[in-house]
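J.: One structure, pasted below without further comment.
The values are calculated or read from the model by the stated rules, or taken from the named source; none is laboratory data. Please read these numbers as outputs of a predicted model, since none were measured by experiment. Every residue, glycine as well, gets a Cβ built from its backbone with ideal geometry; the counts of neighbours run over all protein chains shown. Side chains included, ligands, DNA and RNA excluded: accessible areas come from the protein's heavy atoms. Shrake-Rupley method; radii C 1.70, N 1.55, O 1.52, S 1.80 Å.
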Amino acid sequence: MLRLVVAVFAVVVTLALASEAAATVGGPCTAEINGEDIGDRGVGATSDPIVVPKDRPVSVTMTSEQELERLKVELEFSGIRWTVHDRPSTGTSWISDVPVDDYADYGLGLYKVVASSEGADFTCESAALIEVGGGNALDPLKTPVGLAGLAIALIGSLGALAIAVRVGRSRTSPVFAGLLGAVFGLGIVILLQQFSAIYPTVAVTAGVVLIGAVLGFALGLFGVGSSQGDAR
């Protein structure tokens, strides 16, 4: 079991490092977040984010030598994007605000900001990580998303352990324990993001959930402590 967990963990680390790509600007454009150029910033799980205040909007700027016809700003979390602004534009530059102060009431941590523009026969896109921090280390647990992550992790871990101490009484125990382990992994991903430890790329999210599922399955299959012997 230990070898399997180590192997899965090694795969997760490899995927995380492989995703350390630079946020190069595609197209004839330059882009900034809060006045900081984002052309050479990474967007991997452990890339350095731009620290932004939680109590006011964050400015996103894109400039081109050619006429821009449309602007779009999106936020991304674990491969899921939602649009903040999407509207026509004129001139060779635009500036837009991401309402971080609105989102901070629900959750803190690391997010990806994706800025894109369209012009005549060209498209520009750039991205960078931002860190929305609180006043103290435990502030993420004062937000709905942070509390949800903690609750999900507890439900998954305690549920898998509860099945583990009853191992041998049901053939479906490993399956249910594996599902609860995956739930635990999802909760851990949310907590890591909320505490700005890791940005949850798709690869990292899938990997941590997989590790949780493997641990849960192993607990459901072999049990824990003396309960294994008692059950058999």
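J.: Would you confirm, using the coordinates I've provided, whether ALA182 is over 10 Å from the mean Cα position of the chain (by Cα), modelled with pLDDT under 95 and of a type outside the set (Ser, Thr, Tyr)?
T.: The answer is no for ALA182.
J.: Let me ask something additional. Filter the stretch 136-155 for residues that are open to solvent by 60 Å² or more (accessible area, probe 1.4 Å) and β-branched (Val, Ile, Thr) and give the result. Even if it seems obvious, please write down each step before you answer.
T.: Initial filter on the stretch 136-155 (open to solvent by 60 Å² or more (accessible area, probe 1.4 Å)): 136-138, 142, 144, 147, 150, 154-155.
The one that is open to solvent by 60 Å² or more (accessible area, probe 1.4 Å) and β-branched (Val, Ile, Thr): ILE155.
J.: Starting from the stretch 97-112, keep only residues that are within 17 Å of ASN136 (Cβ to Cβ), then list their pairs with residues that are of a type in the set (Val, Ile, Thr) and surrounded by fewer than 22 Cβ atoms within 10 Å (Cβ to Cβ) whose Cβ atoms are within a distance under 7 Å, requiring at least 6 positions of separation or different chains.
T.: Filtered contacts from the stretch 97-112: GLY107/THR143; GLY107/VAL145; LEU108/THR143.
J.: Scanning the stretch 62-108 for residues that are aromatic (Phe, Trp, Tyr) and crowded, with 17+ Cβ neighbours inside 10 Å, which turns out farthest from VAL52 (Cα to Cα)?
T.: TRP94
J.: Look at TYR111 and say whether it is touching a helix residue (DSSP H, G or I) at 6+ places or on another chain (Cβ under 9 Å), aromatic (Phe, Trp, Tyr) and surrounded by fewer than 21 Cβ atoms within 10 Å (Cβ to Cβ).
T.: Working: touching a helix residue (DSSP H, G or I) at 6+ places or on another chain (Cβ under 9 Å): yes; aromatic (Phe, Trp, Tyr): yes; surrounded by fewer than 21 Cβ atoms within 10 Å (Cβ to Cβ): no.
Taking the combined requirement at face value, the residue does not satisfy it.
J.: Which of the residues spanning the stretch 155-179 are β-branched (Val, Ile, Thr) and at pLDDT 95 or above?
T.: ILE155
J.: Checking the conditions here, which among SER47, SER59 is at pLDDT 90 or above, out of contact with any helix residue (DSSP H, G or I) (no Cβ under 7 Å at 6 or more places or on another chain) and not in a strand (DSSP E or B)?
T.: Among SER47, SER59, only SER47 is at pLDDT 90 or above, out of contact with any helix residue (DSSP H, G or I) (no Cβ under 7 Å at 6 or more places or on another chain) and not in a strand (DSSP E or B).
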